[in-house]
C-alpha cells in the first residue's frame, strides 16, 4: 500500500477546520504523520496497516508518543511568542 495511492484523497481536518489531502496528514510533522491521522482516516482505508508498512517504529513513536496540546493552548503559545518579538 503506497502513499501515492492515497495522497489525492481528502478528509475534513478537525485541527484546521477544512478539507486536507492525505499527503498533508502523513507529512505535517517534519515528514511524520499527524497525531490524529488514525482517527481521521480509519473510515477511508486501513490506516494502521499503512503506517506499519510505511514508517519505522521509531518514527511512529515520535509522531504519536507525545500528546499534542489542545488547539487553544497552541494558539496561546504562538501569541506569546509573537508578543516576545
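The values are calculated or read from the model by the stated rules, or taken from the named source; none is laboratory data. Predicted model only: the values in this text are computed from it and were never measured. Counting neighbours? That spans all protein chains shown, and the Cβs are built from the backbone with ideal geometry, glycine included.
Things worth noting here:
- For segment 54-68, a residue qualifies if it is out of contact with any helix residue (DSSP H, G or I) (no Cβ under 7 Å at 6 or more places or on another chain) and either closer than 19 Å to residue 8 by Cα or not in a helix (DSSP H, G or I) (or both), and the qualifying residues are 55, 56, 66, 67, 68.
- Odd one out for residue 43 among (1) at pLDDT 90 or above; (2) part of a loop (DSSP other than H, G, I, E, B); (3) under 14 Å from the mean Cα position of the chain (by Cα): (3)
- Within segment 18-35, the set of residues being loosely packed, with under 14 Cβ neighbours inside 10 Å, under 19 Å from residue 68 (Cβ atoms) and out of contact with any helix residue (DSSP H, G or I) (no Cβ under 9 Å at 6 or more places or on another chain) comprises 18 only.
- Set 11, 38: member being surrounded by 14 or more Cβ atoms within 10 Å (Cβ to Cβ), assigned to a strand (DSSP E or B) and under 13 Å from the mean Cα position of the chain (by Cα): 11
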